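The values are calculated or read from the model by the stated rules, or taken from the named source; none is laboratory data. Just so you know, these numbers come straight off a predicted model, no measurement behind them. Note that we place each Cβ from the backbone using ideal geometry, even for glycine, and neighbour counts take in every protein chain shown.
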Amino acid sequence: MEYVQGEYRVVSKKNLAKNVFDFTIDAKNIADLALAGQFVHIKVDGFMLRRPISICEVDKENGTIRFVFEIRGEGTEKLSQVNKGDNLDVMGPLGKGFTILPEDKKAVVVGGGIGVPPMVEVAKNYGENATAIIGFRSANAVILDEDFKNMGANLMLCTDDGTMGRKGFVTEALKERLEQGKVDIIQACGPHMMLKGVVALANEYGVPCEVSLEERMGCGVGACLVCACKTVKDGKEYLSHVCKDGPVFKAEDVIL
Amino acid sequence: MADLRVNIAGVEFKNPIIPASGAYGFGREYECLYPLSKLGGISCKGTTLNGQNGNPAPRVAETPSGMLNSVGLQNAGIDHFIEKELPYLEKQDIVVIANVAGHTVEDCVEIARRLENTSTHMIELNISCPNVKQGGAAFGTSCQAAEEITKAVRKATTKPLMVKLSPNVTSITDIAKAVESAGADAVSLINTLLGMRIDINTRRPILKNNVGGLSGPAVFPVAVRMVWQVANSVNIPVVGMGGVSTYKDAVEMMLAGASAIQIGAAIFADPFTPVKVIDGMNEFLDNNNIEKVTDIIGKVQPW
């Protein structure tokens, strides 16, 4: 386990959709270590606990880390008020990321809502061999679709209300993709119900699957044990911790 | 460079700063940031006789200047501690405090027995965990129960015995006196204060356990008061904790009567906190021409 902590400058800040922000920080020593699916743990002024936010993109060449988050409460609201040029106190990279197969493998990345950002770095690895299935409530909540298109991924965009892309859930698009041909791995992040549906399909089609979970966190490194999640070890139910054992788990190891 | 050494119940610490039980695991998670040998000691995660899963998540809630937790003593059991964690800690040049948290008197006695022939330097008997249904705070909220369990563990171990007290009592000094008379070599306080948060939209408590232990800067003044009261009513060393996050807090708590300091929640905000507190304390002593940190213990001048 290796991570660093320090103050890092915000070099870019964008507002991607209502309450959704896109930050890039100049953090070479984090970028050097970071893997797709890991997270950073960010200190917000005036709040006791850090905010864990998944890494959206790692630029090893330029030494930057990009993360995209949604305002969910007072802490993330305060974080959204940080500006370009300001410094952020960040710990990272933390946790276990997604398995990255050789780039010629056929990967399907599935993201729902604010679960979409970590899938960008995963899909990047597979280029045109990636299928990105991303779902949102409505057109005004759609983020990062262009990022997937630009890297050459086959994009299947879904909205619950049909205001953009296809109408319906990501699971319907995933089923369609699985019917079309061989898939080597399914990797997903999103709401609990979505992950359940994705895992059920992965099992039905016999495709290996990994899911990224979230839980209220404390230390972020596996010391305080607050972010427990139900997992299975040797046939027995066991509480693992999202921060250190995850956030990415093999689908067969978690009880959703 | 001031002399930061302190002696608690015959055990010498190179400095008085100790990560608190439950906040720091067994230290492994922080070794990539700084060597554990910088710390005076480590109070290990509370260990029960057999492993246990603890409470369901969510187990943490943020509060103004603090946090609630309801982990419920998740741990892998005493044998795991002895076989897997202790060998690692033995190599770190640090005082190792095993935190014993049995559900029954017999459990605690058995855990202490198993620790007897290990390299553990000290036992911290946890009679104050607010998050478990059996044992835990039940031992620490009546003088009789506190005395009984301390006596039993005292008989089972030759290691220095520190008893960790609950603040969720009418008179913490009475409990402290009870464990002192039962043979405790030191007391540590305060464990967390029982608290609760409710989501006003779902009308559900944020913690799945409904209630949990409050820690962080919010509890600091309560902790200072209790350390001061206890230090003035017993003759054994008091290890202070509760909301310490800066060297100033640590100095303040030592002036109140603490012989050493444990740090918990502040580590989540900044994992370098213990090291910063040691450095800051050293600088404070130097700037004030105080040669030894022991010279400030209990030196508050009450009105």
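For the condition touching a helix residue (DSSP H, G or I) at 6+ places or on another chain (Cβ under 8 Å), surrounded by 15 or more Cβ atoms within 10 Å (Cβ to Cβ), at pLDDT 95 or above and on the phi > 0 side of the Ramachandran plot, what is the one hit in A:G197, A:G220? Quick ask: steps written out before the conclusion?
Working: A:G197 fails: on the phi > 0 side of the Ramachandran plot.
Only one candidate passes the filter, namely A:G220.
Return the only residue of B:V71, B:V60 being crowded, with 23+ Cβ neighbours inside 10 Å, touching a strand residue (DSSP E or B) at 6+ places or on another chain (Cβ under 7 Å), within 11 Å of another protein chain (Cβ to nearest Cβ) and β-branched (V, I, T). Walk me through how you get there before you give the answer.
Working: B:V71 fails: touching a strand residue (DSSP E or B) at 6+ places or on another chain (Cβ under 7 Å).
The conditions single out B:V60.
If you check B:A20, B:A98, which single one turns out to be surrounded by 24 or more Cβ atoms within 10 Å (Cβ to Cβ), among the hydrophobic types (A, V, I, L, M, F, W, C), in contact with a Cys (Cβ under 6 Å, 6 or more places away or on another chain) and modelled with pLDDT of 95 or more? First the steps, then the outcome.
Working: B:A20 fails: in contact with a Cys (Cβ under 6 Å, 6 or more places away or on another chain).
On inspection, the qualifying residue turns out to be B:A98.
I need a count of the residues in the stretch B:149-163 that are surrounded by fewer than 20 Cβ atoms within 10 Å (Cβ to Cβ), under 20 Å from B:G46 (Cα atoms) and of a type in the set (D, E, K, R).
1
Could you tell me how many of the residues in the stretch B:45-56 are at the interface with another protein chain (Cβ under 10 Å from one of its Cβ atoms) and surrounded by fewer than 23 Cβ atoms within 10 Å (Cβ to Cβ)?
At the first step, the residues of the stretch B:45-56 found to be at the interface with another protein chain (Cβ under 10 Å from one of its Cβ atoms) are B:45, B:51-56.
Narrowing the set further to residues that are surrounded by fewer than 23 Cβ atoms within 10 Å (Cβ to Cβ) leaves B:51-54, B:56.
Count: 5.
Among A:G111, A:G127, A:G135, which is the only one that is surrounded by fewer than 16 Cβ atoms within 10 Å (Cβ to Cβ), outside any loop (DSSP other than H, G, I, E, B) and small (G, A, S)? Show your work before the answer.
On the way: A:G111 fails: surrounded by fewer than 16 Cβ atoms within 10 Å (Cβ to Cβ); A:G135 fails: surrounded by fewer than 16 Cβ atoms within 10 Å (Cβ to Cβ).
Of A:G111, A:G127, A:G135, the one residue that is surrounded by fewer than 16 Cβ atoms within 10 Å (Cβ to Cβ), outside any loop (DSSP other than H, G, I, E, B) and small (G, A, S) is A:G127.
Counting just the residues of the stretch A:26-49 that are under 19 Å from A:C224 (Cβ atoms) and buried (at least 24 other Cβ atoms within 10 Å of the Cβ), which one comes out nearest to the other protein chains (Cβ to nearest Cβ)? Spell out how you get there, then give the answer.
Filtering the stretch A:26-49 down to residues under 19 Å from A:C224 (Cβ atoms) leaves A:38-44, A:47-49.
In the following step, the residues that additionally are buried (at least 24 other Cβ atoms within 10 Å of the Cβ) were identified as A:38-42, A:49.
Values: A:Q38: 15, A:F39: 15, A:V40: 14, A:H41: 9, A:I42: 11, A:L49: 5 Å.
The extreme case among them is A:L49.
When you go through A:Y205, A:Y238 one by one, which is the residue that is of a type in the set (S, T, Y), surrounded by fewer than 24 Cβ atoms within 10 Å (Cβ to Cβ) and within 8 Å of another protein chain (Cβ to nearest Cβ)?
A:Y238
Do we have B:S166 as hydroxyl-bearing (S, T, Y) and surrounded by fewer than 24 Cβ atoms within 10 Å (Cβ to Cβ) here? If you could, list the steps in order and put the result at the bottom.
Working: hydroxyl-bearing (S, T, Y): yes; surrounded by fewer than 24 Cβ atoms within 10 Å (Cβ to Cβ): no.
No, not satisfied.
Only one residue in A:E204, A:E252, A:E237 is under 20 Å from A:A107 (Cα atoms), among the charged types (D, E, K, R) and not assigned by TED's automatic domain parsing to the domain that holds A:C158. Which one? First the steps, then the outcome.
Values: A:E204 fails: not assigned by TED's automatic domain parsing to the domain that holds A:C158; A:E237 fails: under 20 Å from A:A107 (Cα atoms).
Of A:E204, A:E252, A:E237, the one residue that is under 20 Å from A:A107 (Cα atoms), among the charged types (D, E, K, R) and not assigned by TED's automatic domain parsing to the domain that holds A:C158 is A:E252.
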